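In what follows, a single structure is set out as structure tokens and then discussed.
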Amino acid sequence: MITCLITGANRGIGLELARHYAGSGATVLATARHPETATELAKLAAAHPTLQILALDVTDPVSCERLAASLKGRAIDRLIANAGVIGPRGGLADPTNTAKLWADVLAVNVTGVFLTVRSLADNVTAAKGGRIAIISSRMGSSTAAAGSSYLYRASKAAAANLGANFATELKPKGVAVGVYHPGWVKTDMGGAGADIAPAVSAAGLAQRIEHLSLTTTGVFEDYAGAPIAY
Ligand SMILES: NC(=O)c1ccc[n+]([C@@H]2O[C@H](COP(=O)([O-])OP(=O)(O)OC[C@H]3O[C@@H](n4cnc5c(N)ncnc54)[C@H](OP(=O)(O)O)[C@@H]3O)[C@@H](O)[C@H]2O)c1
């Protein structure tokens with residue numbers, strides 16, 4: 001059975017990914033910034049003994065190093081960099097587009113993805129056939145530039161770019177990397193008016209990740225397999 005590590009697994013799409021993989025019998029390393037308050041994950045862990053809750057703040061290099069040290073030598077078949085934040089949704093005149101918020105959003109959505117993958121790349125390589133999924137967004141595609149949500153769009157474009165570069169660097173090591181748009185999903189981030197339930201997104205993403213190979217590495221697509229331009 002495979003081992004799957006998911007960042008930001010305490011709520012939203014990450015929680016549903018944890019539920020999906022645990023339900024399929026995988027060993028799940030479900031990470032959360034604050035495991036002590038991750039009540040939904042705790043319930044999931046009670047029902048699935050193969051699910052372990054681990055602490056990870058993706059913006060904190062010490063937290064990343066601590067996690068990597070605790071998993072040293074352990075193979076991770078699927079690494080899903082899911083943790084993310086949205087930031088202000090307005091245009092140029094939105095006063096909440098502050099330099100501080102730029103730094104905060106980039107820290108999670110870009111630096112956080114880099115630190116996560118750097119910390120655990122050896123574990124994925126050790127899995128033989130290991131795969132890395134970067135949860136970006138269609139909003140990060142430059143062909144979908146709507147002139148709003150600047151921080152989020154730029155950060156998700158950068159996350160997709162990281163995925164493409166990881167794909168190039170890790171291909172010789174046998175690791176495939178995919179970049180994914182999870183759909184517009186009913187979560188705290190997506191809102192109640194979004195298109196699809198988290199479980200639908202998670203099932204679709206898991207299916208796409210199973211399709212990922214060294215031939216398709218570097219792909220950018222949505223949860224249903226529709227291609228997205230970088
Ligand atoms: N929902 C959508 O429609 C949609 C569409 C496109 C892309 N996405 C992407 O899908 C991913 C999941 O989104 P979601 O809708 O599930 O969002 P969500 O419900 O807001 O959940 C975000 C998750 O990220 C975690 N997180 C935030 N900052 C973190 C940090 N510094 N370290 C570790 N974890 C951190 C949160 O943990 P805390 O609970 O501790 O804050 C939470 O578990 C994100 O990357 C998002 O950009 C979502």
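The values are calculated or read from the model by the stated rules, or taken from the named source; none is laboratory data. Computed from a prediction, not measured in an experiment: that's the story for all the values here. Here the Cβ is made from the backbone with ideal geometry for all residues, glycine too, and neighbour counts use every protein chain on show. For the accessible areas, the whole protein counts, side chains as well, though only heavy atoms, and no ligand, DNA or RNA atoms are used. Shrake-Rupley method; radii C 1.70, N 1.55, O 1.52, S 1.80 Å.
Listing for the model above:
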quantity: DSSP bridge pairs, the chain: antiparallel proportion in percent, nearest 5; calculated: 5
quantity: Mean residue ellipticity (222 nm) of the chain, computed from DSSP H runs ≥ 4 via -39,500 (n - 2.57), nearest 500; calculated: -12000 deg cm²/dmol
quantity: Computed over the stretch 98-214, the ratio Rg/Rh where both radii use C-alpha atoms and Rh is Kirkwood; calculated: 0.99
quantity: Residues of the stretch 159-180 with amide N under 14 Å of the 7 Å Cα→Cβ point at His211; calculated: 178-180
quantity: Two-site label geometry, Ala146 and Arg66: point separation in nm, points 7 Å out along Cα→Cβ; calculated: 3.8
quantity: Relative contact order of the stretch 3-222, pairs being alpha-carbon contacts under 8 Å that are 6 or more residues apart, as %; calculated: 20
quantity: Counting DSSP beta bridges with both ends in the stretch 2-78, the antiparallel % (nearest 5); calculated: 0
quantity: Estimated vicinal HN-Hα couplings, Hz - the stretch 5-22 in sequence order (Karplus 6.51, -1.76, 1.60; Gly, Pro = x); calculated: 10, 10, 8, x, 8, 7, 7, x, 5, x, 4, 5, 5, 4, 4, 4, 5, 5
quantity: Charge dipole (the chain, unit charges on Cβ, about Cα centre) - positive-most of Thr116, Leu101, Ile196; calculated: Thr116
quantity: 1.4 Å probe accessible area per residue over the chain, in Å²; calculated: 45
quantity: Anchor Lys43: lysines whose Cα lies under 29 Å away (excluding residues fewer than 8 positions away in-chain); calculated: Lys72, Lys186
quantity: Modelled FRET efficiency - R0 45 Å, Thr39 with Leu92, Cβ distances, 0.05 increments; calculated: 0.70
quantity: Reachable lysines, given that their alpha-carbon falls under 16 Å from the alpha-carbon of Lys171 and they are not under 8 places away in the same chain; calculated: Lys128
quantity: Rg/Rh for the chain, where both radii come from Cα atoms and Rh is the Kirkwood radius; calculated: 0.94
